[in-house]
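The values are calculated or read from the model by the stated rules, or taken from the named source; none is laboratory data. Since this is a predicted model, take the numbers as computed values, not measurements. Cβ sites come from the backbone with ideal geometry, for glycine too, and all protein chains shown count toward neighbours.
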Protein chains: 2
Amino acid sequence: MASDTVKLGDYLFTRLLQLGVTDIFGVPGDYNLRLLDYVVPAGLHWVGNCNELNAAYAADGYGRIKGLSALVTTFGVGELSAANGIAGAYGERSPVVHIVGTPPRPLQIHITAAQTKVTDTTTAPDKIDWILQQALYHQRPVYIEIPDDMPDLPVSSANLKSSPIRVQSALSPPHESKVISRILERLYSAQRPFILVDGESRSLGILDELDTLIQKTNWPTWTTVFGKGLVNESHPNVYGLYAAAFGDKPAQEYFEAADLILTFGPHYSDTNSYFWTTVPKDAVAISFKDDTIQIESDTYRDMSASSVLTQILHSLDNTRTAQVTGPPKVEVTTSDIQDNDIIAQNNFYRLVNPIFRENDIVLAETGTASYGGRHCKLPPNSRFFTAVTWLSIGYMLPATLGAALAKRSLNQATGASNQTILITGEGSLQMTAQEISVMIKEKLNILIFIINNEGYTIERVIHGRKQAYNDVPFWRHTQALNYFGADEDQIANSVFTARTCGELQEVLKNERVHSGTGLRLIEVAMDREDVQGPLLYLLNKQIAEEKAAATC
Amino acid sequence: MASDTVKLGDYLFTRLLQLGVTDIFGVPGDYNLRLLDYVVPAGLHWVGNCNELNAAYAADGYGRIKGLSALVTTFGVGELSAANGIAGAYGERSPVVHIVGTPPRPLQIHITAAQTKVTDTTTAPDKIDWILQQALYHQRPVYIEIPDDMPDLPVSSANLKSSPIRVQSALSPPHESKVISRILERLYSAQRPFILVDGESRSLGILDELDTLIQKTNWPTWTTVFGKGLVNESHPNVYGLYAAAFGDKPAQEYFEAADLILTFGPHYSDTNSYFWTTVPKDAVAISFKDDTIQIESDTYRDMSASSVLTQILHSLDNTRTAQVTGPPKVEVTTSDIQDNDIIAQNNFYRLVNPIFRENDIVLAETGTASYGGRHCKLPPNSRFFTAVTWLSIGYMLPATLGAALAKRSLNQATGASNQTILITGEGSLQMTAQEISVMIKEKLNILIFIINNEGYTIERVIHGRKQAYNDVPFWRHTQALNYFGADEDQIANSVFTARTCGELQEVLKNERVHSGTGLRLIEVAMDREDVQGPLLYLLNKQIAEEKAAATC
């Protein structure tokens, strides 16, 4: 083979590696085996998942930590099983390259930002480069089909050496300077400014700039649910989650009286915006969106949030911005919690929160865990995952696998260590539990809290609180490490249970839990109808309706 | 509410019950909870699955035993997770009613034979009846969307009382009598007739007629893989599987020299037809297909296989058909098997076969289990499942759940008893293992053989026999009953392992195994590359290629 060619399979995986994708998820199938031959020789690690849906969830989690991920499935059965995971990655912007090994026939899934099919060796390198660039630019999944007879064929290696894959910064449009001036004016005139960081700030690539802005202005700053973990919560002016209309009255009053609300990367799903109560009125709004910037009711198109924010930070004169004191912070203590108290939503997260460390990743599965976990205080450089749009239960456990792998690979460069902490209900866990075996096989530092509340508590709260259809089968969760292949030491020393707050505190003090390695599992019991926040509102509404029905 | 109305949710589930669907599969989700309120009050049993893909697989299995099944998912996340299962039901013709609870917006999946959306109470009863009839007629999945605000609304109950849902027999086309005459002529002139029963005979509704034909003619009869279990293999003229070109030379010679090959319900996928080697030459072919009958190279359209076959049986003069002696039968013995032999593909099925009883259902998962299981001899009234078109691994375990539930419900009418026997590789099992907990919860009589051959052996055989991507994580399968919530007695007495043939025979003698109740699990170890039949051919081809590559 000529020296300026490589085999097609090699080209693809080398490109992924150049973009920082060091681990590939998936399941082997009849039409991707020849392609899989190139994963390890290209210097990548193969993570065989238990099924394709789980593989897609894992790739999604990986993509949110490393900025790009890839999964390989076979066509038909494989890609259809993955479909729900890919759709979720689309809805919440995780750039997953879905590589599909095919016989020579197509079955396209239209839940990706871009699709391509490799058909010949001449155009293959450019097609591969283009689809990878699409994933980086849109921060959404893309789809590439590779026929089974093509991985071994030679293609030109010229791009590998001379054309790195980059997303070009958007060109500054003629109106950029006007936009910057308008924003600066508003920054200088604001007396009650409110900074709100939402989740698409990550895909906009402006997290470092935001940190500078937050420190430089010292203005009161909150995040949305999706934005949680993207801001350093140890800065004194950072408040954590803005959960409008549920509890935190001082923050809500401050929001409502604000004369400037700077929103970054807004993601307006009903769940993320608490039914749009976090959306500012036009009169006070400046919002940095996908490729537009909104100032009051004016929308400026073709803008680069990164470019505009960088220039603003460059120009910003600190002496001209208001010195602002935000509303009082809500102090979180555990002093009211007694050892004999049974574990409940209103004490669990406060007890667990202190074990979170710098660099950790905390994942709270859809359901009660999400509504509790989002109020924890995060240490610097930690990340937080919870679903805000797609809300597919079962996602978070494989996403934990993916995120932990991505973080481990990032740690290798920095020398940092961390643990990845999953908080999940037992109903969600049952959907995708088999990935625990892959966590064990991969020797990842993962701590799983299983909240066992005997069924789909979040569904009980929405409707049918006493209905059997909201029950789930009984499992012995403490047997998971045994069943899923952990070694004897892990089985004996890495599984914990707690029913009271005192028991939980004892478990949390265990060195295996707060500083251990490998997979550790803690099962905590909670009441079937134990909920808080918006879920408690729904539950009480249902109980009131039942009472009304019973008395008429 | 007026006495001639019922609530919409009630209407739907009553209709399903009238059609014999007594069990509903699914997972609760935000938009189907109100609908699920109607399942139990309508007299149906709710089977909550661990995830939607598994629910779809279970419904597929149920539909193949009872002729119709239903699963309820929520829209979006729920229906997308189910997509692969629905596509498989489409490909292999299992009539699954996929009921999707929605908010008022559509997301249609086009892998169903018919789709409808309930939009108003006036047309709702007829739409529901129509979609159920479509499932019965096409014997494929159908899709119905029910908005979340509609299950409680009253609809007319007139259809429930006066209009049973029926699939009308096709009207006899003018050419029917000519077709019948032509077929009778060929039946009378045939000297070397060959009857081949394929899997779509079940959906054609001609199994009783076929049994009569097979007994009345006494002609040599085989089935395809998909047709296995649809014919009574204890009739002396029934040979079992016709696996052309792999082993059984006398049958192949008889096939090739036949002057008449009667094929019923052909399903020409590559796997089912051994790459079309079971397809007869036109000159000797009479084939009863979906709604056509082929005689030599003539295709007659708009035919009812059932009507034509009934009339043929009515007219058939036994004294005018040839008395035929088929090829010698291959005798299966176990006399060559020694107690110390390690368990292998070439002895396992022969040892297990004798425990199959009348009324049992035997399911052999895609992979080595399928290639072995299909050669077992089935007792009367038993059924056999193996994938022949969609081949999605992970399908067979939830399908076992579905089939066992369907059979138990049929048994209640007949007083019969049975067990449902799954033979699966451990790689496939890992995909959907959590449904073991539902089998336990439902107290079903299921016997699971897990063939532990350390990975995806069928993929090793196709490509990459030494590659790590064909490995799977290590699980302790004997812990499954413990983890998935079985009671202490089951855990202690219903789990078995065997490595040698002697050990396996001891296990098979255990009363818990051959006549027990509840879930029982037998793990057998086999070699990583232990295969037979077409798989052995592929493996040897790969080894030869490796040798050739090593020497050049």
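Could you check the range A:343-354 and list, in sequence order, the residues that are assigned to a helix (DSSP H, G or I) and either within 30 Å of B:G78 (Cβ to Cβ) or in contact with a Cys (Cβ under 9 Å, 6 or more places away or on another chain) (or both)? Write out each step before concluding.
Let us first name the residues in the range A:343-354 that are assigned to a helix (DSSP H, G or I), namely A:345-354.
Hits for the range A:343-354 are A:Q345, A:N347, A:F348, A:Y349, A:R350, A:L351, A:V352, A:N353.
Which numbered condition trips up A:Y90, out of (1) facing chain B (nearest Cβ under 9 Å); (2) surrounded by fewer than 24 Cβ atoms within 10 Å (Cβ to Cβ); (3) closer than 16 Å to B:S81 by Cα?
The single condition A:Y90 does not satisfy is (1).
Look at the range B:439-460 and say how many of its residues are more than 25 Å from the chain's Cα centre (by Cα) and crowded, with 24+ Cβ neighbours inside 10 Å. Give the steps one after another, and end with the answer.
Within the range B:439-460, the first condition is being more than 25 Å from the chain's Cα centre (by Cα), and the residues that meet it are B:454, B:460.
From what is left, the residues that are crowded, with 24+ Cβ neighbours inside 10 Å are B:460.
Selection size over the range B:439-460: 1.
Can you name every residue in the range A:141-157 that is at pLDDT below 85, surrounded by 16 or more Cβ atoms within 10 Å (Cβ to Cβ) and outside any strand (DSSP E or B)?
Those that are at pLDDT below 85, surrounded by 16 or more Cβ atoms within 10 Å (Cβ to Cβ) and outside any strand (DSSP E or B): A:P141, A:D148, A:M150, A:P151.
Could you check, for the range B:290-305, whether at least one of its residues is in a helix (DSSP H, G or I), in contact with a helix residue (DSSP H, G or I) (Cβ under 7 Å, 6 or more places away or on another chain) and surrounded by 17 or more Cβ atoms within 10 Å (Cβ to Cβ)?
Within the range B:290-305, the first condition is being in a helix (DSSP H, G or I), and the residues that meet it are B:305.
Restricting the remaining residues to those that are in contact with a helix residue (DSSP H, G or I) (Cβ under 7 Å, 6 or more places away or on another chain) gives B:305.
Checking the rest, the ones that are also surrounded by 17 or more Cβ atoms within 10 Å (Cβ to Cβ) come to B:305.
Yes - at least one qualifying residue is present in the range B:290-305.
Taking the condition of being surrounded by fewer than 24 Cβ atoms within 10 Å (Cβ to Cβ) and either part of a loop (DSSP other than H, G, I, E, B) or among the small types (G, A, S) (or both), how many residues in the range B:379-405 meet it?
The qualifying residues number 7.
Limited to the range B:268-288, what total is found for residues that are more than 20 Å from B:A387 (Cα to Cα) and surrounded by 13 or more Cβ atoms within 10 Å (Cβ to Cβ)?
Step one: of the range B:268-288, the residues more than 20 Å from B:A387 (Cα to Cα) are B:280-288.
Now narrow it down to the ones that are surrounded by 13 or more Cβ atoms within 10 Å (Cβ to Cβ): B:280, B:284-288.
Of the residues in the range B:268-288, 6 are more than 20 Å from B:A387 (Cα to Cα) and surrounded by 13 or more Cβ atoms within 10 Å (Cβ to Cβ).
Would you be able to say whether some residue in the range B:355-378 is touching a Cys at 6+ places or on another chain (Cβ under 6 Å) and over 29 Å from B:R192 (Cβ atoms)?
Within the range B:355-378, the subset touching a Cys at 6+ places or on another chain (Cβ under 6 Å) is none.
So far as the range B:355-378 goes, no, none of its residues is touching a Cys at 6+ places or on another chain (Cβ under 6 Å) and over 29 Å from B:R192 (Cβ atoms).
Within the range A:68-87, can you find the residues that are within 14 Å of chain B (Cβ to nearest Cβ), within 15 Å of the chain's Cα centre (by Cα) and small (G, A, S)?
Answer for the range A:68-87, where residues must be within 14 Å of chain B (Cβ to nearest Cβ), within 15 Å of the chain's Cα centre (by Cα) and small (G, A, S): A:G85, A:A87.
With the condition kept exactly as written, say whether any residue in the range B:349-357 is touching a His at 6+ places or on another chain (Cβ under 8 Å), assigned by TED's automatic domain parsing to the domain that holds B:E506 and of a type in the set (F, W, Y).
Within the range B:349-357, one or more residues are touching a His at 6+ places or on another chain (Cβ under 8 Å), assigned by TED's automatic domain parsing to the domain that holds B:E506 and of a type in the set (F, W, Y).
Of the residues A:S156, A:S234, A:S181, only one is at negative phi, outside the structural domain of A:L309 (by TED's automatic domain parsing) and small (G, A, S); which? Even if it seems obvious, please write down each step before you answer.
Values: A:S234 fails: outside the structural domain of A:L309 (by TED's automatic domain parsing); A:S181 fails: outside the structural domain of A:L309 (by TED's automatic domain parsing).
After ruling out the rest, the residue left standing is A:S156.
Between a residue in the range A:117-134 that is without any contact (Cβ under 8 Å) to a residue 12 or more places away in the chain and any residue that is surrounded by 23 or more Cβ atoms within 10 Å (Cβ to Cβ) and basic (K, R), which pairs come within a Cβ distance under 8 Å, given they are 6 or more apart or on different chains?
Filtered contacts from the range A:117-134: no entries.
I'd like the residue in the range A:2-21 that is among the hydroxyl-bearing types (S, T, Y) and closer than 19 Å to A:Q133 by Cβ and, out of all such residues, is surrounded by the most Cβ atoms within 10 Å (Cβ to Cβ). Working first, answer last.
From the range A:2-21, those among the hydroxyl-bearing types (S, T, Y) are A:3, A:5, A:11, A:14; that's our starting set.
Filter again for closer than 19 Å to A:Q133 by Cβ, leaving A:11, A:14.
Details: A:Y11: 27, A:T14: 21.
The qualifying residue surrounded by the most Cβ atoms within 10 Å (Cβ to Cβ) is A:Y11.
Please go through (1) aliphatic (A, V, I, L, M); (2) within 30 Å of B:D37 (Cα to Cα); (3) touching a strand residue (DSSP E or B) at 6+ places or on another chain (Cβ under 9 Å) for B:I165 and return the number of the only condition it doesn't satisfy.
(3)
Any residue that is crowded, with 22+ Cβ neighbours inside 10 Å and either in a strand (DSSP E or B) or within 30 Å of the chain's Cα centre (by Cα) (or both) - is there at least one of those in the range B:105-115? Spell out the reasoning first.
Going residue by residue through the range B:105-115, those that are crowded, with 22+ Cβ neighbours inside 10 Å are B:112.
Retained after the next criterion (residues that are either in a strand (DSSP E or B) or within 30 Å of the chain's Cα centre (by Cα) (or both)): B:112.
Yes: one or more hits.
So, B:V96, is that one at pLDDT below 90 and either crowded, with 24+ Cβ neighbours inside 10 Å or away from every other protein chain (no Cβ under 14 Å) (or both) or not? Can you show your working first?
Numbers: at pLDDT below 90: yes; either crowded, with 24+ Cβ neighbours inside 10 Å or away from every other protein chain (no Cβ under 14 Å) (or both): yes.
Yes.
Being of a type in the set (G, A, S), surrounded by fewer than 24 Cβ atoms within 10 Å (Cβ to Cβ) and farther than 26 Å from B:A70 by Cα: is that true of B:S417 here? Outline the logic, then answer.
Numbers: of a type in the set (G, A, S): yes; surrounded by fewer than 24 Cβ atoms within 10 Å (Cβ to Cβ): yes; farther than 26 Å from B:A70 by Cα: no.
For B:S417, the condition - of a type in the set (G, A, S), surrounded by fewer than 24 Cβ atoms within 10 Å (Cβ to Cβ) and farther than 26 Å from B:A70 by Cα - is not met.
Considering A:L196, A:L230, A:L204, A:L241, which residue is out of contact with any helix residue (DSSP H, G or I) (no Cβ under 6 Å at 6 or more places or on another chain) and within 18 Å of A:K289 (Cα to Cα)? I'd like the intermediate steps shown before the answer.
Working: A:L230 fails: out of contact with any helix residue (DSSP H, G or I) (no Cβ under 6 Å at 6 or more places or on another chain); A:L204 fails: out of contact with any helix residue (DSSP H, G or I) (no Cβ under 6 Å at 6 or more places or on another chain); A:L241 fails: within 18 Å of A:K289 (Cα to Cα).
The unique qualifying residue is A:L196.
Scan the range A:68-79 residue by residue and report those that are at pLDDT below 85 and either part of a helix (DSSP H, G or I) or closer than 16 Å to A:P398 by Cβ (or both). Talk me through it step by step, then tell me what you get.
Pass one, the range A:68-79, residues at pLDDT below 85: A:74-79.
Selection gives A:V77, A:G78, A:E79.
Residue pairs, Cβ under 7 Å, 6 or more apart or interchain, first in the range B:308-332 and small (G, A, S), second assigned to a loop (DSSP other than H, G, I, E, B). List them.
Every condition considered, the pairs that remain are B:A322/B:A190; B:A322/B:Q191; B:G326/B:P220; B:G326/B:N237.
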